[in-house]
Amino acid sequence: MVNLDIRLKAVYDLAEKCDTFLDIGSDHGYLPLHLIKNNIINKAVVSDINEGPLFNAKENFELYKMRDKAKFILTGGLRDIDTRDIDAVSICGMGGELIISILEEDKTKAKGFDYLILQPMNSVNLVRKYLYENGYTIVKEDLVKDRHHFYNILKVIPKKDIREFDEIFFDLGYDLFKEGNENFIDFINYKIRVNKKIIENCKSQNSENAKRAMEKAVDYINRLEGVKKDYESKRCNRVY
């Protein structure tokens, strides 16, 4: 069986035992195939909005003799899916705003799962903010790096998060800060570099917009440096 790449392996590692697992935007179906093979789930519902990826997933389930373990649905998001007998869902490999729209489209269905695994390709700050404001709690989070790309993976339950933390952690991930992650400092340094480039670009522009953008970037870098210092201090003192 094809090995999972770094991103999908991190998604796989956050899955827990359940009977039926829904994979939205499944593409080749590699995630549910590995989950079934290793007895983490018994059955899968595999969905995609495009016929090509769904056909590829069916072919792979046939190839590995697991066709009887899966149901395939051509649809986008949660629409057209009867979720009453589905325990958990993964929504991965798509934009953060699209993930939010899927959760928002049918809130009753979205909150009917035991857990959700979300992996936005961008706008993870918007996803975290949406979850916090709409009655979800991130119970576990991972941050992996594949070549030059960072990927955030969030394991979520439909329960209100009562924790209080600075808004910068919508960008960075409070659980990554609290629990520790080998890529956390690299991720902060990446964000610092991005904002330093913004400052350099703004220096050559004589406008109020450029001035405001530069001030915002300077302030953000200072806040990032503060989080970085606190994180390194916690790691040094073994405070988790």
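Readers should treat all values here as calculations from the given coordinates under stated rules, not as data from a laboratory. Predicted model, so just to flag it, every value in this text is computed and none were measured. Cβ atoms come from the backbone with ideal geometry, glycine included; neighbour counts cover every protein chain shown.
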Review point. If the chain between Arg223 and Asn3 were fully stretched, how many nm would it gain, using 0.36 nm times the residue separation less the Cα-Cα distance?
Key: 75.3 nm
Review point. Taking the Cα centre of segment 6-163 as the origin and placing charges on Cβ (Lys, Arg +1; Asp, Glu -1), which of Leu126, Val46, Val144 is farthest toward the positive end of the dipole?
Key: Val144
Exercise for review: Provide the percentage of antiparallel DSSP beta bridges, counting only those with both residues in the chain; round to the nearest 5.
Suggested key: 35 percent
Review point. Taking the chain as a Gaussian network, Cα atoms linked when under 10 Å apart, which of Ile162, Ile185, Ile91 shows the biggest mean-square fluctuation?
Key: Ile162
Check your understanding: All other residues with a Cβ under 14 Å from the Cβ of Arg193 taken together, and with Lys, Arg as +1 and Asp, Glu as -1, what is their net charge?
Key -> +1
Practice item. Determine the gain in length on full extension of the stretch Asp19-Glu215; use 0.36 nm per residue of separation and subtract their C-alpha separation, reporting nm with one decimal. Key: 65.4 nm
Exercise for review: State the Cα centre-to-centre distance between segment 46-80 and segment 1-45 in whole Å.
Suggested key: 13 Å
Review point. Tell me, in nm to one decimal, what length is gained between Met121 and Glu200 on full extension, where the rule is 0.36 nm per residue of separation less the Cα-Cα distance?
Key: 25.8 nm
Review point. Build a GNM of the chain with springs between Cα atoms under 10 Å: which of Asp166, Asp87, Asp19 gets the top mean-square fluctuation?
Key: Asp166
Exercise for review: With a Förster radius of 41 Å, plug the Cβ-Cβ distance of Tyr64 and Tyr190 into 1/(1 + (r/R0)^6) and report the FRET value to the nearest 0.05.
Suggested key: 0.65
Point to revise | Shape call, segment 116-225: gyration tensor on alpha carbons, a/c limit 1.5 | key: prolate
Revision key, fill the gap. Of Asn189, Asn39, Asn201, the most mobile residue in a GNM of the chain (C-alpha springs, cutoff 10 Å) is Asn201
Check your understanding: In debye, nearest 20: dipole of segment 6-163 around its Cα centre with unit charges on the Cβ of K, R (+) and D, E (-)?
Key -> 440 debye
Check your understanding: Helix hunt in the chain: which complete DSSP H runs extend at least 27 Å axially by C-alpha with mean Kyte-Doolittle at least 1.0?
Key -> none
Point to revise | Estimated [θ] at 222 nm from DSSP helical runs (n ≥ 4, -39500 (n - 2.57)) normalised by residues in the chain, nearest 500 | key: -14500 deg cm²/dmol
